[in-house]
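Step one of this worksheet: look at the structure below.
What follows draws every value from the coordinates through simple rules; no lab data is involved. Please read these numbers as outputs of a predicted model, since none were measured by experiment. With ideal geometry, Cβ positions are generated from the backbone for all residues, glycine too; neighbour counts draw on all protein chains shown.
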Amino acid sequence: MSYDKVAQVKTGLIIGTKQTLKAMKNGEVREVVIADDADLQITEKVSRLASDLSIPCSRADSKKKLGEACGIDVGTATVAIKQ
């Protein structure tokens, strides 16, 4: 599952939609994880750009669990794994 993959990455995580989009545009991302329960208006930009740039995109069912996998106390809509 995506949570395990995110939790295994000790350094090189980009947390949050704005930072994820910026890193994707800069060519720094090898994979993106998007929470299914996040606002579609927010995540749509990330999934569209990932598709345009041929970046693999995984899904997670919960923002809260995705945030916990990143080691933060709040939920997050998107996470990017750096190359």
Sorted by Cβ neighbour density within 10 Å, fewest at the top, the residues Thr76, Thr11, Thr43: Thr11, Thr43, Thr76
Residue exposure sequence - Asp37, Asp4 - by fewest surrounding Cβ within 10 Å: Asp4, Asp37
The chain: C-alpha gyration tensor shape, a/c 1.5 cut-off, then a/b vs b/c: oblate
DSSP-assigned coil residues among GluC sites (Glu not before Pro) in the range 19-57, each with at most 16 further Cβ atoms within 10 Å: Glu28
Share, in percent, of DSSP beta bridges within the chain that are antiparallel, nearest 5: 65
Long-range amide H partners of Val29 with built H, under 5 Å: Gln83
Sum of -39500 (n - 2.57) over DSSP H runs of 4+, divided by residues of the chain (222 nm, nearest 500): -12500 deg cm²/dmol
From phi via Karplus (6.51, -1.76, 1.60), per-residue ³J(HN,Hα) for the range 33-40 in Hz, x at Gly/Pro: 10, 10, 7, 5, 8, 7, 4, 4
Dipole magnitude of the range 2-82, debye to nearest 20 (Cβ charges: Lys/Arg +1, Asp/Glu -1, about Cα centre): 280
Which of Cys57, Cys70 has the fewest Cβ neighbours within 10 Å, and the rest in rising order: Cys57, Cys70
Separation in nanometres of the label points that stand 7 Å from Cα toward Cβ, at Ala7 and Arg48: 3.4
Residue-wise HN-Hα coupling along the range 53-65, computed from phi with Karplus coefficients 6.51, -1.76, 1.60 (Hz; x: Gly, Pro): 9, 6, 9, x, 10, 9, 10, 10, 7, 9, 4, 4, 5
Alpha-carbon centroids, the range 46-83 and the range 1-34: separation in whole Å: 6
